[in-house]
1. Please report how far the C-alpha centroid of segment 226-298 lies from that of segment 11-80, rounded to the nearest whole angstrom.
2. Run a plain Debye calculation on segment 7-87 (Cα atoms as equal point scatterers, no solvent) and give log10 I(q)/I(0) at q = 0.14, 0.22, 0.25, 0.26 Å⁻¹, rounded to two decimals, same order as the q list.
3. Computed from these coordinates, which is Kirkwood radius over Cα pairs in Å: [x] 22.2; [y] 23.5; [z] 21.6?
4. Over the chain, with a Gaussian network built from C-alpha contacts below 10 Å, which listed residue (Gly228, Gly242, Gly30) shows the highest mean-square fluctuation?
5. By the scheme Lys and Arg +1, Asp and Glu -1, what is the net charge of all other residues having a beta-carbon under 13 Å from that of Ser189?
6. For Asn195 and Leu255 in the same chain, what is the full-extension length gain: residue separation times 0.36 nm, less their Cα-Cα distance, in nm?
7. Could you size up the charge dipole of segment 7-87 around its Cα centre, putting +1 on the beta carbon of Lys and Arg and -1 on that of Asp and Glu, and report it in debye to the nearest 20?
8. If we count other beta carbons within 10 Å of each Cβ, what is the order of Trp107, Trp196, Trp209, fewest first?
Amino acid sequence: MLRLPPLNAVRVFEAAARTGQFTLAAIELGVSSAAVSQQIRNLETHFGKQLFVRNGNRITLTDAGHAIYPQMSRALGDIAAVTARLLEGELRRRLTVSVPFSLAECWLAPKLARMIDQFPQLAIDIRVEDDPVDLARQNIDLRISYGDYHYPGLIVAQLVHDDVVPVCSPRFREQHGQDLAGLEAIHDSCFIHTNWGPNYASHPTWSDWFALRGSPRRPDPSLGRRVGLSSLAITTARLGLGIALGQRALARADLEEGRLVTLSTESVRLGYPYCAFMLPAKANRQDVAALVRLLREA
């Protein structure tokens, strides 16, 4: 059983702390100042702490009062919000999606826009964060991650197994000549390198791409541009700052609208697919299942 303080006293405490006077709190709540004082004494007795310092008509929070006020206020605000939506008949399910930084803007956001078309009343939270995350504790409905090994015991659905292809802006191609397909003569400073971080060893590099072509070329990352996100590599290339090994799924919109061009049809596949992870109790929920289907679409 939850051990709760007297809830009416909590409501009085929040009003008094916010207004700074017992008198103003009494007016807001439609009770007497004496009733407010009594409820505050009840709450102080419950916690065994003094919550206010009284100075005539003015009150200030003690250290103990400051410690509990933000959470008390937030909890009452959440209850008020739920009550308002219920009374309006519009209590909406909230879909909480957790995604790595590199996928959030270029890949997930456009797909969620289509999701809203299917579920116009759906409220969506997007949490951008690295692995690992605790889906149960953080009430996450769906986690998108690279690889299928992060969350054993959860329901997993493969979404896309992406590949990388050389991309640059049309302006960069014009400045460096139209025939860049071989990329053999381009100076090392023109290559954009993605630093995937210490936890990853399966992401392809420029050396991998040249090796696939049977070329000994190994562009030196210390002479080129280095970025920490695959989405940032695409943005850097779009701005005309060099040639990136862009993830095709992330660069799709830029390629279709002509902001980026491909310099070769040869690509290197990522070591693992992107996958969606769900708690078993949520995997069959209508909105979750619909999002998984949408994320699998090209």
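No value in this document is a laboratory result; all are computed from the given coordinates. Everything quoted here is computed from the prediction, not taken from an experiment. Please note: Cβ atoms are built from the backbone with ideal geometry, for glycine as well, and neighbour counts cover all protein chains shown.
1. Centre-to-centre distance over Cα atoms comes out at 51 Å.
2. The computed values of log10 I(q)/I(0) come out as -0.44, -1.02, -1.25, -1.33.
3. Comparing each candidate, only [y] matches the computed number.
4. Most flexible of the set in this elastic network: Gly30.
5. It works out to a net charge of 0.
6. Fully extending the segment from Asn195 to Leu255 adds 19.3 nm.
7. So the magnitude is around 40 debye.
8. Trp196, Trp209, Trp107
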